[in-house]
Amino acid sequence: MTEAVEPSYELFIGGASIPSSSGERQTLIDPANNRPLAAVARGHADDARHAMEVAQAAFEASWWASDDGARRGKTLFRLAQKLEERLEEFARLETLNMGKTLRESRGDVGFVVRTLEYAAGLADKIQGETIPVPGARLDLTLREPLGVTVHIAPWNYPLLLAMRSVAPALAAGNAVVLKPASLTPLTALALGRMSKEALVPDGIFNVVPGPGKDVGETLVADARCRSVSFTGGGTAGRRIAEVAAQHVVPATLELGGKGPVVVLPDADLDRAARGVAFGIFGNAGQMCWAGSRLLAHESVAETLLSKIARIAEKYALGPGVAEGVEMGPLVSREHLESVLQFITEAEASGAKVVAGGRRATDAPLQEGNFLRPTVLSQLPAPARVLKEEVFGPVLSAATFTDTDDAVRQANDTRYGLFASVWTKELAHAIPLARRLESGMVSINEAPSTFPQTPFAGFKESGLGFEQGIDSVRSYTRRKNVLINYSLPKPKN
Ligand code: NAD
């Protein structure tokens, strides 16, 4: 066991750490060395139902859902401040559990602090409108919290992706039940406990780790669930939408991607190479919005590819907690095997491995799930790596001849989450950006987002949105109130 991590964690329900109803525990594994890290209570359907009951009771009884948005905002600012004070500790916990570098974890926790502050600032700006209607009538709308909202998070940005929907839901006055990914529940549980110190009322913020099918589906199927926000893969996302539809509950889905990176002939190639590398090797490529398909103009492709390969070969791999490390391990042995399988198949189909393509086997990395940053080229059109999300540090490179060809190739995917365009000429970039079927497009910038900018996918990448000015309102419902203020007609 590592000293920065407590040996054992419980569920967080009703403002208290409690064991699961079955008493079962799951051992978490440090992905940097595959040794046991901590034991966590494994929630089951009974625990999920208990959390929903507690959350509903807190929603009805506490001040949280009242019209005092300023008080809610103040409480969330307090939570943000406490988190900022312990940013280093949370970053370390995230790194040990998930594998990403400390620098990446610090960025993630900082983003959560900003998300809480942003949502806190919106908490007292939730307001309805008055609508002109004929006669002696006044029509107005009220914005009310939904009730109990369910949030299901993946393992690649464990705390960040959980809190980008939890923070606005809390700011809007809802009670929240969060199910973190089974592999990475530690920071969410630690933040649940911190919410109590910040004076969030007991039962308003609950965290129930456990298997997706059992805990996740039970939460969504529960009659008290008023909305679900899901971030994860397409298979689970479709299932959640189905379960939510059974009792007509809205589901926000943030799913996978297969992001194209289009490099035009006039791009600054050094800058583009650094951006492409960051967009696929950051977080060891375990990003929904990774730029995993490079589309370079044929006149610059070779030069660009060799620049990217040089960057890839220099990446310092190691345990995320070690100083100077630029890429940590993949999250699990099983996931490493799945990413390696893509590379093996690509090689067998005749692809060229321009960089990486293998595990890091030098001591002590051979104990962990380390994969060298990989660049593949000359891929045959049906290659699986071109179509499916790899979710690892694997770049597939191709060329295009003209803008129409670039657009056709970029949009030739069932996903539509993120794309980037690299050029010195905005007159080229903007029309191209408009033609890309992606919820987010960056020009001369690797994947970047802020709490105030919307995050959403087109096509099979998702439904609905997170973040941005409308995030808090999206966790409210609108009620129309019509008042007739006419005086009774005098009787003669
Ligand atoms: P996953 O779908 O396996 O799991 C995500 C969460 O859903 C986990 O908490 C899991 O336990 C739960 N779950 C699984 N099956 C469920 C079910 N039937 N009912 C309820 N809950 C269930 O995804 P993952 O492997 O954790 O994450 C990787 C995926 O997430 C990738 O596809 C990636 O692109 C996607 N992702 C999308 C975004 C985005 O914002 N669009 C961000 C990050 C990750």
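The values are calculated or read from the model by the stated rules, or taken from the named source; none is laboratory data. What you see is a predicted model, and the numbers here were worked out from it, not measured in a lab. Glycine also receives a Cβ, built like all others from the backbone with ideal geometry; neighbour counts cover every protein chain displayed.
Check segment 464-472 and report whether any residue there is outside the structural domain of Gln127 (by TED's automatic domain parsing), in contact (Cβ under 8 Å) with a residue 60 or more places away in the chain and more than 16 Å from the ligand (Cβ to nearest atom). Checking segment 464-472: not a single residue is outside the structural domain of Gln127 (by TED's automatic domain parsing), in contact (Cβ under 8 Å) with a residue 60 or more places away in the chain and more than 16 Å from the ligand (Cβ to nearest atom). One residue stands out in segment 465-474 among those that are surrounded by 16 or more Cβ atoms within 10 Å (Cβ to Cβ) and not charged (D, E, K, R): the one that is farthest from Leu170 (Cα to Cα), namely Phe465.
What number of residues within segment 154-187 are in a strand (DSSP E or B) and more than 8 Å from the ligand (Cβ to nearest atom)?
Step one: filter segment 154-187 for residues in a strand (DSSP E or B), giving 175-179.
Of the ones still in play, those that are also more than 8 Å from the ligand (Cβ to nearest atom) are 175-178.
Matching residues across segment 154-187 total 4.
Pairs are defined by a Cβ separation below 7 Å, a sequence spacing of at least 6 or placement on different chains, a first member in segment 45-69 that is acidic (Asp, Glu), and a second member that is surrounded by fewer than 21 Cβ atoms within 10 Å (Cβ to Cβ) and at pLDDT 95 or above; the pairs so defined are Asp46/Ser21; Asp47/Ser21.
Among the residues of segment 327-356, those identified as part of a strand (DSSP E or B) and either farther than 21 Å from Lys387 by Cβ or without any contact (Cβ under 8 Å) to a residue 24 or more places away in the chain (or both) are Met327, Val353, Ala355.
The rows are residues; the columns are (1) in the same structural domain as Ser471 (by TED's automatic domain parsing); (2) touching a Pro at 6+ places or on another chain (Cβ under 8 Å); (3) at pLDDT below 95; (4) farther than 23 Å from Ser229 by Cα.
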| site | (1), (2), (3), (4) |
| --- | --- |
| Ala91 | yes, no, no, yes |
| Leu102 | yes, no, no, yes |
| Val109 | yes, no, no, no |
| Glu129 | yes, no, no, yes |
| Arg164 | yes, yes, no, no |
| Pro168 | yes, no, no, no |
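Only one of Arg106, Arg92 is among the charged types (D, E, K, R) and free of Cβ contacts under 8 Å to residues at least 60 places away in the same chain. Can you tell me which?
Values: Arg92 fails: free of Cβ contacts under 8 Å to residues at least 60 places away in the same chain.
None of the others qualify; the one that does is Arg106.
Can you find a residue that is among the acidic types (Asp, Glu), more than 23 Å from Ala172 (Cβ to Cβ) and surrounded by fewer than 20 Cβ atoms within 10 Å (Cβ to Cβ) anywhere in segment 76-88? For segment 76-88, residues among the acidic types (Asp, Glu), more than 23 Å from Ala172 (Cβ to Cβ) and surrounded by fewer than 20 Cβ atoms within 10 Å (Cβ to Cβ): present.
Meeting the requirement of 1 or more residues that are under 28 Å from Leu317 (Cβ atoms) and assigned by TED's automatic domain parsing to the domain that holds Leu295, the helices (runs of 4 or more DSSP H) wholly within segment 372-460 are 384-387.
Restricting attention to segment 138-149, does a residue exist that is without any contact (Cβ under 8 Å) to a residue 24 or more places away in the chain and surrounded by fewer than 22 Cβ atoms within 10 Å (Cβ to Cβ)?
Looking only at segment 138-149, we keep the residues that are without any contact (Cβ under 8 Å) to a residue 24 or more places away in the chain, and these are none.
The answer is no, given that none of the residues of segment 138-149 is without any contact (Cβ under 8 Å) to a residue 24 or more places away in the chain and surrounded by fewer than 22 Cβ atoms within 10 Å (Cβ to Cβ).
If I filter segment 98-108 for residues that are farther than 18 Å from Gly73 by Cα, crowded, with 24+ Cβ neighbours inside 10 Å, polar (S, T, N, Q) and away from the ligand (no atom under 16 Å from the Cβ), do I get at least one hit? Yes, the conditions are met somewhere in segment 98-108. The residue that is surrounded by the fewest Cβ atoms within 10 Å (Cβ to Cβ), among those in segment 355-367 that are among the aliphatic types (A, V, I, L, M) and within 30 Å of the chain's Cα centre (by Cα), is Ala360.
Of the residues in segment 327-338, at least one is surrounded by 18 or more Cβ atoms within 10 Å (Cβ to Cβ) and away from the ligand (no atom under 16 Å from the Cβ).
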